[in-house]
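Below: the structure, in structure tokens.
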């Protein structure tokens, strides 16, 4: 199968997210935590699952001046080893000034709930956003997702598992799709079956934890050792790849000290088949 070309929207949303995550928007980078650049308004801590967990919330960034046409939506998923990090502040929020709506999603951490809780939360948030598209003036046919590290892993899972009913749904809005039209995966782990050996083979990787121990974020996420193949398969974006996946942009530094570069090489090769 030939590698699928990016649509114009996919290229724009992936590049826009990449630029923002690099911190190229000086105005936002210099803003105080409680201050947004002029022209952006924010709705904070919106529950995407009514009466759900305290973590099941998102922040929404919109233009202060209503757009004439429905806006493409960037969904940002933060990193933090599936056990930390925060949806705020959101590095992609400046993309509102470039014609996008932005949602930054919080999810349950692995100390509280093991996989698939994290991807279920992200998919529930996407369905909630689609269900409220008219209220917030989104274009439900142009939804992209971006994240780095653990957020890259979850973004990749949203891309490969979305729209397939591969995982039990939570949070309602099941009439809405959790499929997205573009993915920007920034150094996210892609295959839990191969990450241990790839880390051992990569001279740049200097993990601050030992795999298959209580301090290992990979094992903590799935609730067991990584040699449990069924659970390692279930959590791995590479396991869900199919010919109808949306376009991907994968970004990964060759000298990454935490996630082996080979993870993204392996994932890209499977996506291209």
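Quick notes on this one:
- Residue list for the range 75-93, restricted to those being in contact with a helix residue (DSSP H, G or I) (Cβ under 7 Å, 6 or more places away or on another chain) and assigned to a strand (DSSP E or B): 75, 77
- Number of positions in the range 57-74 that are crowded, with 16+ Cβ neighbours inside 10 Å, more than 12 Å from residue 99 (Cβ to Cβ) and out of contact with any helix residue (DSSP H, G or I) (no Cβ under 6 Å at 6 or more places or on another chain): 3
- Scanning the range 75-108 for residues that are buried (at least 20 other Cβ atoms within 10 Å of the Cβ) and without any contact (Cβ under 8 Å) to a residue 60 or more places away in the chain gives 87, 90, 96, 101, 102, 103, 104, 105, 106, 107.
- Restricted to the range 100-218, the set of helices (runs of 4 or more DSSP H) holding at least 1 residues that are touching a helix residue (DSSP H, G or I) at 6+ places or on another chain (Cβ under 6 Å) and within 30 Å of residue 50 (Cβ to Cβ) comprises 117-131, 150-161.
- The range 45-74: number of residues that are under 23 Å from residue 162 (Cα atoms), part of a loop (DSSP other than H, G, I, E, B) and more than 15 Å from the chain's Cα centre (by Cα): 7
- In the set 206, 243, only one residue is farther than 30 Å from residue 138 by Cα and surrounded by fewer than 23 Cβ atoms within 10 Å (Cβ to Cβ); that residue is 206.
- Filter pass, residue 127 being crowded, with 17+ Cβ neighbours inside 10 Å and either at pLDDT 95 or above or over 22 Å from residue 253 (Cβ atoms) (or both): yes
- Selection within the range 219-240 - assigned to a helix (DSSP H, G or I) and buried (at least 18 other Cβ atoms within 10 Å of the Cβ): 219, 220, 221, 222, 231, 232, 234, 235, 237, 238, 239, 240
The values are calculated or read from the model by the stated rules, or taken from the named source; none is laboratory data. The structure presented is a predicted model; accordingly, all values stated were derived computationally and were not measured. Methodologically, a virtual Cβ is constructed for each residue, glycine included, from the backbone with ideal geometry; neighbour enumeration extends over all protein chains shown.
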